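The values are calculated or read from the model by the stated rules, or taken from the named source; none is laboratory data. Please read these numbers as outputs of a predicted model, since none were measured by experiment. No Cβ is skipped: glycine too gets one built from the backbone with ideal geometry, and neighbour counts run over all protein chains shown.
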Amino acid sequence: MVYSVKTFNNINQVGLKELGNQFQIDGDLAENPDAFILRSQNLHGIDFPENLKAIARAGAGTNNIPIADATAAGIVVFNTPGANANAVKEAVLASILMSARDYIAANAWVNTLSGDDVPKQVEAGKKQFAGSEISGKTLGVIGLGAIGGRIANYAQRLGMNVLGYDPYVSIETAWNISHHVKRVDDVKEIFANCDYITVHVPLTDETRHTFNSEAFALMQKGTVVINFARGELVDNAALFEAIEAGVVKRYITDFGTEELLNKEKITVFPHVGGSTAEAELNCAIMAGKTIRRFMETGEITNSVNFPNVHQALTAPYRITLINKNVPNIVAKISTAVSELGINIDNIINRSKGEYAYTLLDLDENDKTKVNHLVENFENSDNIVRVRLIAKK
Ligand SMILES: NC(=O)c1ccc[n+]([C@@H]2O[C@H](COP(=O)([O-])OP(=O)(O)OC[C@H]3O[C@@H](n4cnc5c(N)ncnc54)[C@H](O)[C@@H]3O)[C@@H](O)[C@H]2O)c1
């Protein structure tokens, strides 16, 4: 069996090696591939190829992918959570340190000097760049996932008091957060009590404009706001007013729009938070491994639209189903199997929202019978995707 993968955005070759020999990458089969691997390629508005079963985003955010459409088409969307978290953590820590000392402006000023007496001019003018120290200051972290959790831990080690807000934090992530990080139940506590606030949540209807005029109204004067998550988390009109009023001392973001550029109190980076050689490699390796595992075993890890589903394949055949999450579906699946006189070796069904994923392992060696069952499932109303995987 040869699987076909189409890649976008120059995915790291070392990561693609994780796919192994059974995958043809960007070859003649890529017209109608089994999987996409991409970074920022915008998939909104495209027609999915008929054969497409999986999309792996080598990165964390998946706003470039129409998730609901993919789910309805029976396509599993994966991301690589945490693979670039260390890179973003370092960029944010640098931003905190930079805003405390205004290194960029200081450097720009020194470069304006000339003449034999530059050292003298430096000594005379450096007062304007006296900064502050971050030790003892309070940092608020909104979103304590892979990135936010790491920042909270490291900022605390740099001597900062850290407040964290995340009502949905996973147990796994929560275990890794230092007990010195104070968890708050209301985001208003972050807005009201911090010298620095950094945000690390996905962009959703709930999080859009997390920083709005109500949020800025709660902040103390001179707050630094750092946004390496998504531009739309901040209401720019409200931000400009908060800067004007001296509430926001500096806004540092990784997401530029024209209105943010060339403003004295705004520092914009060109979406480079996760752009390190190490992160790019980690993301590509993780995406490659995830797609390989899914295509070869049907198991799902790190999907944004389907639950994690793991089960060792010991039976001769496995059928994977993506089905609508309707009552009695598991009973109907079992009945369809038994009607053909096939025994179920193992079945696992997990749902997420309106859809569910089923791994159905069959204690049956007769390929004709198994193919018949596959056909029956393909003709069932509530089943949107059927795959047959043979044990190697
Ligand atoms: N600048 C970059 O280059 C770059 C790189 C990677 C990720 N990102 C952005 O950073 C975001 C976070 O990445 P991550 O790897 O930490 O993701 P993650 O999924 O590990 O963490 C996100 C956290 O946000 C929390 N959350 C969700 N809704 C929330 C809410 N309303 N209030 C508070 N917390 C909430 C979740 O519980 C989770 O713990 C991504 O969604 C992406 O948009 C940017």
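Couple of notes before you dig in:
- Selected residue (criterion: farthest from the chain's Cα centre (by Cα)) from residues of region 124-148 that are part of a helix (DSSP H, G or I) and more than 16 Å from the ligand (Cβ to nearest atom): ALA124
- Looking only at residues of region 207-236 that are touching a residue at least 60 places away in the same chain (Cβ under 8 Å) and more than 10 Å from the ligand (Cβ to nearest atom), we find that the one that is surrounded by the fewest Cβ atoms within 10 Å (Cβ to Cβ) is VAL224.
- Residue that is surrounded by the fewest Cβ atoms within 10 Å (Cβ to Cβ) [pool: residues in region 346-384 that are in a strand (DSSP E or B) and of a type in the set (Lys, Arg)]: ARG350
- Residue within region 308-328 that is part of a strand (DSSP E or B), touching a helix residue (DSSP H, G or I) at 6+ places or on another chain (Cβ under 6 Å), farther than 30 Å from GLN22 by Cα and at pLDDT 95 or above present: no
- Look at (1) buried (at least 17 other Cβ atoms within 10 Å of the Cβ); (2) in contact with a strand residue (DSSP E or B) (Cβ under 7 Å, 6 or more places away or on another chain); (3) farther than 21 Å from HIS200 by Cα and you find that ASN308 fails only one, number (1).
- From ILE104, ILE65, ILE46, residue being part of a loop (DSSP other than H, G, I, E, B) and loosely packed, with under 14 Cβ neighbours inside 10 Å: ILE46
- Conditions (1) out of contact with any helix residue (DSSP H, G or I) (no Cβ under 8 Å at 6 or more places or on another chain); (2) surrounded by 14 or more Cβ atoms within 10 Å (Cβ to Cβ); number of the one not met by ALA130: (2)
- Residue satisfying condition, being within 12 Å of the ligand (Cβ to nearest atom), in a loop (DSSP other than H, G, I, E, B) and free of Cβ contacts under 8 Å to residues at least 60 places away in the same chain, within set GLY256, GLY273, GLY246: GLY256
- All positions within region 166-188 that are polar (S, T, N, Q) and more than 10 Å from the ligand (Cβ to nearest atom): ASN176, SER178
- Residues within region 65-83 that are out of contact with any Cys (no Cβ under 6 Å at 6 or more places or on another chain) and either away from the ligand (no atom under 16 Å from the Cβ) or of a type in the set (S, T, N, Q) (or both), tallied: 11
- Residues that are in contact (Cβ under 8 Å) with a residue 24 or more places away in the chain and within 18 Å of the chain's Cα centre (by Cα) within region 177-206 comprise THR198, VAL199, HIS200, VAL201, PRO202, LEU203, listed in sequence order.
- Test: residue in region 153-163 that is of a type outside the set (Lys, Arg), under 20 Å from the mean Cα position of the chain (by Cα) and more than 11 Å from the ligand (Cβ to nearest atom): yes
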